[in-house]
Amino acid sequence: MPLITLCGFPCVGKTKFAALLAEHIDKSNDLKGKCMVINEEALHISKTEHYKSAAQEKILRQNLKSAVEHALNADTFVILDSCNYI
């Protein structure tokens with residue numbers, strides 16, 4: 001159950017890197033299994049709405065954590081791509 005967490009400030013290229021990494025894992029013959037990127041867009045969550053207040057951000061982070069926990073298994077690479085700079 002490989003989990004990759006991308007951390008960094010907004011707009012530094014985390015999402016682009018996550019997409020490139022997922023593509024590489026999917027194409028690699030050495031790495032068996034599928035790759036799943038979990039971020040706000042994948043969960044259809046609006047960043048502008050959920051980062052307005054601490055309470056809404058807490059709910060967003062709980063949703064992301066829940067999605068990661070559901071996706072983790074022995075055959076899936078999970079990439080968490082979110083604003084994890086705090």
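Taking all protein chains as shown and a probe of 1.4 angstrom, Ile45 keeps an accessible surface of around 30 Å². Under 11 Å from the 7 Å Cα→Cβ point of Glu41, by amide nitrogen: which residues of segment 9-25? So the set is 14-20. Contact order, relative form, for the chain: 54 percent (alpha carbon pairs under 8 Å, 6 or more residues apart, mean separation divided by residue count).
Given a 1.4 Å probe and heavy atoms of the protein chains only, how would you sort Leu20, Leu31, Leu80, largest accessible area at the top? All intermediate terms of the calculation are to be shown ahead of the outcome.
Values: Leu20 95, Leu31 65, Leu80 30 Å².
Ranked from most to least accessible, the order is Leu20, Leu31, Leu80.
Amide H to amide H distances under 5 Å link Phe77 with Lys34, Cys35, Met36, where only residues 5 or more positions off or on other chains count and H is placed in the peptide plane.
How many Å³ per residue does the convex hull of the Cα positions in the chain occupy? Present the calculation step by step, with values, prior to reporting the outcome.
Values: hull volume 7.5 nm³, N = 86.
Hull volume normalised by residue count: 87 Å³.
Helix 54-71 and the longest principal axis of the Cα set of the chain meet at an angle near 20°.
The values are calculated or read from the model by the stated rules, or taken from the named source; none is laboratory data. Only a predicted model underlies this, so the values are computations on that prediction, with no experimental measurement involved. Ideal geometry is used to build each Cβ from the backbone, glycine not excepted, and the neighbour counts take in all protein chains shown. Just the protein is used for accessible areas: all its heavy atoms, side chains included, with ligands, DNA and RNA removed. Shrake-Rupley method; radii C 1.70, N 1.55, O 1.52, S 1.80 Å.
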